[in-house]
Amino acid sequence: MALKVTKVPVWAGDLRDVPGGLADVLDGVSGGGGSVDFLIARRNDKHPGMGKVFLTPVEGARTRDAAARAGLQHAAKMGTLRIEGTDQRGLGARITRAIGDAGVNVRGVSAAVIGGKFVAYIGLDSEEDADLAARALRGVNAGSGAAGRGASRTRRKSTGRSGAAGKRKAPARRAKSRKSSR
């Protein structure tokens with residue numbers, strides 16, 4: 001199965017780091033008719049009392065106006081890809097390797113697995129980087145097994161870690177145990 005890769009516009013803004021601060025922003029967006037597919041909110045440790053929020057989508061004039069009133073603006077100096085597909089071992093490594101091999105540096109990643117599917121949002125330094133990364137991902141096959149070469153794999157039980165985002169240490173442990181058993 002091929003990965004579904006979509007460039008998405010992200011809106012961002014400052015957030016009051018107080019109880020209800022995020023709710024205030026989300027109330028503003030929903031009051032304009034918006035429905036959020038994805039968001040990241042975090043406090044800013046360098047500026048106590050402040051945080052940052054990133055969300056997508058913000059579509060339609062009414063929603064854009066409401067988002068602006070809530071203190072958000074289009075994050076024009078970054079590009080973001082939404083990637084979705086079937087979860088499998090090593091896919092996160094193949095995705096990020098393809099982006100890195102294209103000479104693109106990743107700014108941030110958020111990913112989750114629900115059922116057997118994953119969705120990842122990858123933030124990049126520019127729209128141009130997002131275009132390069134999207135092209136690089138055309139060669140990544142979500143249906144292939146280990147190392148992207150069609151090898152078969154055994155379906156793993158969920159460990160709570162995303163196959164689309166986490167580094168796995170199991171291969172290194174297996175290699176050590178083979179050495180020690182000789």
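The values are calculated or read from the model by the stated rules, or taken from the named source; none is laboratory data. None of these values were measured; they are calculated from a predicted model. Heads up, the Cβs are rebuilt from the backbone with ideal geometry, glycines too, and the neighbour counts pull from every protein chain shown.
Descriptive notes on the structure:
- Residue check for Gly139: modelled with pLDDT under 95 and touching a helix residue (DSSP H, G or I) at 6+ places or on another chain (Cβ under 8 Å): yes
- For segment 1-23, taking the residues that are among the charged types (D, E, K, R) and at pLDDT 95 or above, the one that is nearest to Ala67 (Cα to Cα) is identified as Lys7.
- Options Ala111, Ala70; residue that is closer than 15 Å to Gly13 by Cβ, surrounded by 20 or more Cβ atoms within 10 Å (Cβ to Cβ) and of a type in the set (A, V, I, L, M): Ala70
- Yes/no for Gly79 being among the small types (Gly, Ala, Ser) and surrounded by fewer than 16 Cβ atoms within 10 Å (Cβ to Cβ): no
- Scope segment 4-29; condition touching a Ser or Thr at 6+ places or on another chain (Cβ under 9 Å) and either closer than 30 Å to Thr86 by Cα or not hydrophobic (A, V, I, L, M, F, W, C) (or both); matching residues: Lys7, Val8, Pro9, Val10, Trp11
- Ala98 surrounded by 14 or more Cβ atoms within 10 Å (Cβ to Cβ), at pLDDT 95 or above, touching a helix residue (DSSP H, G or I) at 6+ places or on another chain (Cβ under 7 Å) and not in a strand (DSSP E or B): yes
- Subset of segment 5-20 [surrounded by fewer than 18 Cβ atoms within 10 Å (Cβ to Cβ), under 20 Å from His47 (Cβ atoms), out of contact with any Asp or Glu (no Cβ under 8 Å at 6 or more places or on another chain) and not hydrophobic (A, V, I, L, M, F, W, C)]: Asp14, Pro19, Gly20
- Residue in segment 117-136 that is over 18 Å from Thr6 (Cα atoms), surrounded by fewer than 12 Cβ atoms within 10 Å (Cβ to Cβ) and either out of contact with any helix residue (DSSP H, G or I) (no Cβ under 6 Å at 6 or more places or on another chain) or at pLDDT 95 or above (or both) present: no
- Flag for Val106 being surrounded by 20 or more Cβ atoms within 10 Å (Cβ to Cβ), out of contact with any Leu (no Cβ under 6 Å at 6 or more places or on another chain) and within 21 Å of Ala134 (Cα to Cα): no
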